[in-house]
Structures are given as C-alpha cells and as structure tokens.
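The values are calculated or read from the model by the stated rules, or taken from the named source; none is laboratory data. A quick note: this is a predicted structure, and the numbers were derived from the prediction, not measured. Note that we place each Cβ from the backbone using ideal geometry, even for glycine, and neighbour counts take in every protein chain shown. Keep in mind that these areas ignore ligands, DNA and RNA; they rest on the heavy atoms of the full protein, side chains included. Shrake-Rupley method; radii C 1.70, N 1.55, O 1.52, S 1.80 Å.
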Amino acid sequence: MSSSDRSPVVDLTRTYEVRTYGCQMNVHDSERLSGLLEDAGYVRAPDGSDGDADVVVFNTCAVRENADNRLYGNLGRLAPMKTKRPGMQIAVGGCLAQKDRDTIVKKAPWVDVVFGTHNIGKLPVLLERARVQEEAQVEIAESLEAFPSTLPTRRESAYAAWVSISVGCNNTCTFCIVPALRGKEKDRRTGDILAEIEALVGEGVSEITLLGQNVNAYGSDIGDREAFSKLLRACGKIEGLERVRFTSPHPRDFTDDVIAAMAETPNVMPQLHMPMQSGSDTVLKAMRRSYRQERYLGIIDKVRAAIPHAAITTDIIVGFPGETEEDFDQTLHAVREARFAQAFTFQYSKRPGTPAATMEGQIPKEVVQARYERLVALQEEISWDENKKQVGRTLDLMVAEGEGRKDGATHRLSGRAADNRLVHFTKPDTEVRPGDVVTVEITYAAPHHLLAEGAVLDVRRTRAGDAWDKRNAAEAVKPAGVMLGLPKIGAPEPLPVATGSGCGCD
C-alpha cells in the first residue's frame, strides 16, 4: 500500500454524520463507512446535528424513481451551511453515486467526494485528497476492490449484527437496476464468514442476520448448490449464537436442503422473508422471475410442513407494466393462499436504465393506487388473523432497542419473538436490557404487533445485554453519536406507502 492510500490521521475534534437511504446492504455499508471514519480519527456528531458536522456522508439508493430528487434536495439544504463553515466536507456514495458519477458534482459542485459501491474503503483517503487539492474527487470502481467485511465497522447494535455473505446479483429482473450497480455476485469464503460470526459472538452479539442480494444463491462461485444450507448448519454449531436469520432469498434457489437446515438447526429462526413480487405467471415472466405461482406456493407449503410456526413475509410490486385486472386477481389469490404474516407492498415506478421502464402497458397512477389499496386491505386482514393465532402462546423475546415508539408513554418494553414478530410487553420490576431475553404470554393481537399485558414470566440476563451495558458505558464518555436512521435488526415497518420495490431484486 502506498503512502497516498493510507487512511489519513485527522484532528480528533472533527465530526462526521452518515445519512443512509435504501436497503439492508446500504445500512451495513454505512456501518463500514462509520468504522472507516472512526478508524481515521473522526468522531460521530452529536445526535440531532442535522448536517452540522465536519463531514456529512450520503449513502444513497438508486431504486426509487425520485431518489435523485431527494439527494439533490438534501444537498441543496447543506450548501449554505458549507459556505458558512470552512473546512466542512460532503461525500456522496452508494448506488446513486455509482450510477450518476460526474452528474452529482455538476449539479452540486459543493460536493467534495463521490465514490461508488465497490470502493467504500477509499472514503477517508478521498476526503483528505479533496481537502489538500481543494477540488472534488470522483472515484468509481467498476468492480469490487475488497470485500467490505475486511473494513473497520462501527456497528449500530451491541446485541445483533448483519453479516454479509455475498455482494452483487446474477439475476436480470426487468424492474431492478441493482445488478448493474453492485455487479455480479461474489461470495465470501465460508471460513471468513464463520470467523466474523465467532468474533461477533465473542463481543457479546447473540443474533446475526446473514445478508446477501440473493442470499441463498451463496455458493454459485464454486458451484456448490448446498453451500447455503451447509453455512446455516455451521452457524448452528457456534456456541453462544442464539439466533440466526437471513435475507433475502430468491425462490429460484430455494432448495429442499435449505428447508431441512432451517428445521433442523435450533438457532435458525422460524422466519422466512421471500419476495414474491407478483402472483401472476404472466407478470412474473415479464419481470424475468424464474419461477411461477405454483412453484412459489409449493415452497411455502414445504416450509410450513417442516416448520409449522414459521412466519413468512414477502415483497409485492403492484402495477407492473402490462398487469391486467386478471393478473392482479392472481396476486390476490396467491396472497390468500400464502397467508403471509406481513407483506411489504410497493407501487411500481420506473427506474431509468431498466427494461421495465420502456415497456408498453405502463399502468395509470390511479389504477395502481386502487389496486395497491385493495391489496393492503386484504393483507391487513390476513396479518391480523395470523397474529390472533398467537394469543395465549408463551414466547421468548429478545429485548429490542428503539422498536416501540410508545414504550415510554405506555411503560412497556419491546422485543422480537423467534419468528421476528414485534411484541410490546409490560415493563418488569427486574432490570432488563436490550439483548436480554424475557418470557411472556401474548394477550392481544394487532395487525402489526402483539401485546403481552400481564407480568413477565421470566427474565434471562445475557452476554448480549452485558455487551449493551458495556457499549453504553463507553459511549457515555464520548460525544453522542448520530444514528444511521434506517432499519434495525428485524423486519422493517410493515406496508409502507411508497413507490417502487425494495432494493432487493430478490
């Protein structure tokens, strides 16, 4: 490594803020960006600084149709702050940076650094180079320079962690631009993945989520179709690892050995998030999804046969070009058959650069909206019915941090069940910390959460709770930090009113 590529050492008083948009991949990348900046000597800006930091980094998403408008609007609001604050720097990375490159600096010349999805490790060097040369640095790598897991990380949770097992995607879904921006799938070595998990468990982490754009295609690099199920079973042998989740799998690669591994590995949770996108075979073909409704529902039947209490969630796009009323009825039929615990439903929107953007048969907005509302109403009914089946059950919950927005007012705490359902429970007299485990009885069900209104039946203090205590003690002697502002471990908020699918073209 040349001297010019080493991370610069900066004044410890220089602060940073990372703003994250998009999918779990971006959230995890932002943990890396934060780790890189702290490794270079930067300190997180105080909570609520709202751009009042020495370095503001935007980690962007290109999936939404209005992603660029959102970015330039935020950059515009920072321009006068940068004028008044000599030495302030602004960096833009992520999928939109990979796609737009020089356009960002042309539209927002006050931006100092533009970097892509493949070279996030260069951020501190590029910031220093921009400062010394007093001109914008635009560096977009066309292929992955180093697997992100080799970079420093500032994780957002002391008790739960993302673990990336692959990057990129080999699919060609017509609605998705992600493969063009993140490249072909590249898998990590199994030994490196397990070593990272073991290190995390050693630090107190008790829940990990295996992360990949198409997570169950893991092993395609070496031609081992059972590599993912083997990885799940290997996770089951790691002492102290209590919960294993993964997101997001593709139905094309969902094989029986994965179902068996889920059912037979005790710490693999009874939860599956598997995007369906549409219930119409005609639309699935137009999307270049390599399965049909029968195949998709067949996988669900097999999962439920092996894991009866599994909670299954999905992604659905409404209003894809050419979708007829009959096609939409097929989606409603599939939803009724699947009985999803939740469905994250999106209105289709054009993504420049994707085949679907130029397809004939673009659906009028009012038609898409009406179908969306019908689908949401159906899924709300199903979600509520499925949650009502939980009433009377005794569940172990991992206590969560920041998942119950009304916890303070209601004197409750919140946690996640093994199947990832969100449960609000009565705060016990015994101290409980995020990462600890409580046992409760479910007394009430709503469409998107459960309540345990009685006394907590048991509290188990854990190493994960100890890790949370240790982190809080350490943070108390440092400047307060700025949260990344996107998903915590666990399912995102259900049924957002949004356009476009999630970043996963899973």
Looking across region 1-30 at residues that are part of a helix (DSSP H, G or I) and either at pLDDT 85 or above or open to solvent by less than 10 Å² (accessible area, probe 1.4 Å) (or both), the single one that is farthest from Ala474 (Cα to Cα) is Asn26
Note on Ser248: of the conditions (1) open to solvent by 20 Å² or more (accessible area, probe 1.4 Å); (2) closer than 30 Å to Glu360 by Cβ; (3) touching a residue at least 60 places away in the same chain (Cβ under 8 Å), unmet is (1)
Filtering region 384-408 down to residues that are open to solvent by 20 Å² or more (accessible area, probe 1.4 Å) and touching an Asp or Glu at 6+ places or on another chain (Cβ under 6 Å) yields Thr394
* Do we find a residue being part of a loop (DSSP other than H, G, I, E, B), within 29 Å of Arg471 (Cβ to Cβ), touching a strand residue (DSSP E or B) at 6+ places or on another chain (Cβ under 7 Å) and modelled with pLDDT of 85 or more anywhere in region 147-159? -> yes
Exception for Glu381 within (1) under 28 Å from the mean Cα position of the chain (by Cα); (2) more than 30 Å from Asp436 (Cβ to Cβ); (3) open to solvent by less than 20 Å² (accessible area, probe 1.4 Å) falls at (3)
Exercise. Residues in region 409-427: is at least one in a loop (DSSP other than H, G, I, E, B) and open to solvent by less than 10 Å² (accessible area, probe 1.4 Å)?
Worked result: yes
In region 303-316, residues that are assigned to a helix (DSSP H, G or I) and either open to solvent by less than 80 Å² (accessible area, probe 1.4 Å) or at positive phi (or both) total 3
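Taking the conditions exactly as written (on the phi < 0 side of the Ramachandran plot and without any contact (Cβ under 8 Å) to a residue 40 or more places away in the chain), does Val125 satisfy them or not? Before you say what the answer is, go through the steps one by one.
Working: on the phi < 0 side of the Ramachandran plot: yes; without any contact (Cβ under 8 Å) to a residue 40 or more places away in the chain: no.
No, not satisfied.
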Filter region 121-145 for residues that are open to solvent by 50 Å² or more (accessible area, probe 1.4 Å) and assigned to a loop (DSSP other than H, G, I, E, B); the one that is modelled with the lowest pLDDT is Glu145
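Please tell me if Val440 is modelled with pLDDT of 95 or more, outside any loop (DSSP other than H, G, I, E, B), crowded, with 22+ Cβ neighbours inside 10 Å and within 25 Å of the chain's Cα centre (by Cα).
Numbers: modelled with pLDDT of 95 or more: yes; outside any loop (DSSP other than H, G, I, E, B): yes; crowded, with 22+ Cβ neighbours inside 10 Å: yes; within 25 Å of the chain's Cα centre (by Cα): no.
No; evaluated as a whole, the condition is false for this residue.
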By residue number, the members of region 349-380 that are without any contact (Cβ under 8 Å) to a residue 12 or more places away in the chain and farther than 30 Å from Asp100 by Cβ are Glu366, Ala370, Glu373, Ala377
Restricting region 353-368 to residues that are assigned to a helix (DSSP H, G or I) and under 15 Å from Thr172 (Cα atoms), the one most open to solvent (accessible area, probe 1.4 Å) turns out to be Pro355
A careful count of residues in region 450-467 that are part of a loop (DSSP other than H, G, I, E, B), open to solvent by 30 Å² or more (accessible area, probe 1.4 Å) and touching a residue at least 40 places away in the same chain (Cβ under 8 Å) gives 1
